[in-house]
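What follows draws every value from the coordinates through simple rules; no lab data is involved. All of these numbers come straight from a predicted model, not from anything done at the bench. Counting neighbours? That spans all protein chains shown, and the Cβs are built from the backbone with ideal geometry, glycine included.
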Amino acid sequence: MEFYLLGKIHMDNKKSLPLDYKIKLSNSTKKKKPSLFLLHGYGSNEDDLFSFTPYLPPEYTIISFKAPIVLSMGGFAWSNINYDNKGNINTAILEAKESVKLIIDSIKLSIIKFNLDDKDISLIGFSQGCILSWTLAMNFPNLIRRAVALSGYIIPELIDAPLENISHLKVFNSHGITDQIIPIEKARESIDLIKTNNSKIIYKEYHEGHEINKENFSDFLNWIKTTSI
């Protein structure tokens, strides 16, 4: 197992995490550090969202996980997908649930390994990583304090509790109006499922495709700063 520390590669001779990762350590003097865990999209890898690191608050330990499934076309995935005859994306639910378990196990080990504050764990997920960020925030409210959910949607089959019973969410959720990979309607449907009991969810739409433009990036960075503890 290798991990990346401040841009340099080091061998990890201690107990490994279930998932491969890249890490930038916090500059905080606190004994327990706040943290941001990054979950990339389908076909990407841990380098993708790790490019955000120079712009994220330096007091956070930032850990970017690599999804466990190797794709034949290149890149990695949290679950395989297929398309129905209407062009809709279908997720392999059992694989997604296994990835959720790997992520949670990796986060719990990271708390010990890197002296993280278990009351200040946050997620940033894009596309397929967004889907799992929603899932993790709903299924593990005692561990995940908040999430940035970018260009994805909620899959009810992945959620343990009835959606109408969920009221604890603190999420910044955004989507591109011209997204051709995951249509904007999917994001709107997701918000409609949970908005009634979740006043702390921020939902925004941007004139972008399946990407993160400067305005979106600036808005979620500001949200991270204003919701820090």
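Within 13 Å, Cβ to Cβ, of T227, how many net charges do the neighbouring residues add up to if Lys/Arg are +1 and Asp/Glu are -1?
On the way: positive: R145, R146, K170, K200, K225; negative: D120, D219.
Surrounding charge for T227 is +3.
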Practice problem: Just report the Cα centroid separation between the stretch 95-133 and the stretch 37-88, whole Å. | Solution: 12 Å
Practice problem: Taking the Cα centre of the chain as origin, sum charge times position over the Cβ atoms of Lys and Arg (+1) and Asp and Glu (-1), and report the length of that vector in debye to the nearest 20. | Solution: 1040 debye
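Please give the net charge around R146, taking every other residue with its beta carbon less than 10 angstrom from that of R146, where Lys and Arg add +1 and Asp and Glu add -1.
On the way: positive: R145, K170, K200; negative: D120.
Charge balance in the 10 Å sphere: +2.
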Practice problem: Set the Förster distance to 22 Å, then compute FRET efficiency between Y83 and Q180 from the Cβ-Cβ distance, nearest 0.05. | Solution: 0.95
Practice problem: Excluding residues on the same chain fewer than 8 positions from K170, give the lysines whose Cα lies under 16 Å from its Cα. | Solution: K119, K195, K200, K204, K225
Quiz item: For E164 and N115 in the same chain, what is the full-extension length gain: residue separation times 0.36 nm, less their Cα-Cα distance, in nm?
Solution: 14.1 nm
Self-check item: Integer Hz, Karplus 6.51/-1.76/1.60 couplings in order for the stretch 46-59, x for Gly and Pro
Solution: 5, 6, 4, 6, 5, 5, 6, 3, x, 9, 7, x, x, 6
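For the chain, what are the DSSP H helices with axial Cα length of 15 Å or more and mean Kyte-Doolittle hydropathy of at least -0.5? Don't skip to the end; give the middle numbers.
Working: long enough: 93-113 (30 Å, 0.76); 128-139 (17 Å, 0.71); 184-194 (16 Å, -0.05); 214-226 (18 Å, -0.79).
For the chain, where a helix must reach 15 Å along its axis and average at least -0.5, the hits are 93-113, 128-139, 184-194.
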Quiz item: Can you give the Rg to Rh ratio of the chain, both from alpha-carbon atoms, with Rh computed by the Kirkwood formula?
Solution: 0.94
Quiz item: Hey, what number do you get for the chain at 222 nm if only DSSP H runs of n ≥ 4 count, each worth -39500 (n - 2.57), divided across all residues, to the nearest 500?
Solution: -8500 deg cm²/dmol
